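Notes follow once the structure below has been shown.
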Amino acid sequence: MGKIAFIFPGQGSQVVGMGKSLADSDKTVHSFFEKADERLGFPLSNIIFEGPQEELTLTTNAQPALLTTSIAILEFFKQSGVKPDFVAGHSLGEYSALVAAGVLSFSDGVYAVRKRGEFMEEAVPSGEGTMAAVLGMDREKLRAVTDEITEQGNSVQLANLNCPGQIVISGSKKGVELAASKAKEEGAKRVLPLVVSGPFHSELMKPAAEQFKEILNQLTVNNAEVPVIANVTAKEMTSADEMKTRLIEQLYSPVLWEDSVERMISLGVDTFIEIGPGKVLSGLVKKIDKNVQIYAVSDRESCLQVMETLKEGNR
């Protein structure tokens, strides 16, 4: 029998009203939203449930909002009795994975990503950094482009290696623009500018990483109960010390999502369950390997449906 991985979405999957129907119908689920409000000292749950979308999309709100919603959905899904053999998350989603693996308490996780969001926002003045998705280009070819532009004095790096033919680049506004036009010249099918508030997962995030280190040192970080696949290495990690190091590196290093999924498959995973709003990761996993089973749980209905399906398959 194959193994199961729980995967958690990152920033960009947030949507007003996420988790609300579950929270309204389940006291335990609701308590997670209350705990988040309590730890952060303001009603984050109002922003999650009522919006407005612009406020929810701010990095400082989106990060704790997604972690809270994902873990609340996980709590409901736990009734299925399905346990993961591995957990992983995309960028911010790595923190949901860490909470799921018992590395961080829920309350500390919410606090950590709120601070992470603040430091990321502050690291680069608004409008000076950006990101773009490059479609239909090989990673080595694109890396040669970004290296060349960076060497000429305009910082730009590969930020998210999502799936074959989909790579996000990140850096200074000028660096991303130059790399985008060079990538097109060299055969990229399309380049789509992303609506983001900063150059995440680029060298420009190093100041944020320095500040974030101090926050992590204040929190209790445990060894993982389930191996977590690291964004930075695409390898499994269980030791608290390694996880701290990787989380700091993660702020300015590329998210190796394609490699992480490949790694889990090589370790015997044949079933991926995306836990949290949206189906972004399910789409990426499909593009990486069509032969695995992929489920997405984001509300009461999808949770019950997937529980039923897994039960029928005796998972």
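Under a Cβ-only charge scheme (Lys and Arg +1, Asp and Glu -1), can you give me the dipole magnitude of the chain about the Cα centre, in debye to the nearest 20?
500
Per residue of the chain, what 222 nm ellipticity follows from adding -39500 (n - 2.57) for every DSSP H run with n ≥ 4, rounded to the nearest 500?
After summing the helix terms and dividing by residue count, I get -15500 deg cm²/dmol.
What are the ³J(HN,Hα) couplings of segment 157-172, residue after residue, when phi is run through the Karplus curve with 6.51, -1.76, 1.60 and θ = phi - 60°? Round to Hz, x for glycine and proline.
Listing the rounded values in order: 9, 6, 10, 10, 9, 7, 6, x, x, 9, 10, 9, 10, 8, x, 5 Hz.
Do you know the relative contact order of the chain, to the nearest whole percent, from alpha carbon pairs under 8 angstrom that are 6+ apart? All intermediate terms of the calculation are to be shown ahead of the outcome.
On the way: 667 pairs, mean separation 73.9, N = 315.
For the chain, the relative contact order is 23 percent.
What list of ³J(HN,Hα) couplings, whole Hz, do you get for segment 8-25 from phi and the Karplus terms 6.51, -1.76, 1.60, once you set θ to phi - 60° and write x for glycine and proline?
In residue order, the calculated couplings are 10, x, x, 4, x, 8, 5, 8, 4, x, 4, x, 5, 4, 5, 5, 5, 9 Hz.
Which links in Lys20/Lys189; Lys83/Lys189; Lys115/Lys311; Lys115/Lys279; Lys27/Lys235 stretch past 32 Å when you go from one Cα to the other?
Lys20/Lys189; Lys83/Lys189; Lys115/Lys311; Lys27/Lys235
Would you grab the residues whose amide H sits under 5 Å from the one on Met131? Only those 5+ places off in sequence or on another chain, please, with H modelled 1.01 Å from N.
So Met131 has HN proximity to Leu194, Val196.
In whole Å, how far is the Cα centre of segment 173-205 from that of segment 58-111?
About 29 Å separates the Cα centre of segment 173-205 from the one of segment 58-111.
Lys3 versus Asp26, label points 7 Å from Cα toward the beta carbon: distance in nm?
2.6
Mind listing the long-range amide H neighbours of Ala296? Cut-off is under 5 Å, sequence gap 5 or more, other chains count too, H placed in the peptide plane at 1.01 Å from N.
Glu274
If you stretched the chain out fully between Thr309 and Lys244, how much longer would it get, using 0.36 nm times the residue separation minus the C-alpha to C-alpha distance?
So the chain would gain 19.8 nm between Thr309 and Lys244.
Working from the pairwise distances between different alpha carbons, so that the mean of 1/r is found and then inverted, what is segment 171-315's Kirkwood radius in Å?
In segment 171-315 this quantity evaluates to 18.1 Å.
Using only the alpha carbon atoms of segment 129-196, find the Kirkwood hydrodynamic radius as the inverse mean reciprocal pair distance, in angstroms to one decimal. List each step's numbers first, then the result.
Values: mean 1/r = 0.0896 Å⁻¹.
So the Kirkwood estimate lands at 11.2 Å.
Expressed in whole Å with the largest first, what are the equivalent ellipsoid semi-axes of the chain derived from the C-alpha gyration tensor as the square root of 5 times each eigenvalue?
On the way: eigenvalues 181, 105, 65 Å².
Over the Cα atoms of the chain, the ellipsoid semi-axes are 30, 23, 18 Å.
Rule-based calculations on the coordinates, nothing more; no lab input. As the structure is a prediction and not an experimental result, all values here were calculated from the model. We place every Cβ from the backbone using ideal geometry, glycine too, and count neighbours over all the protein chains shown.
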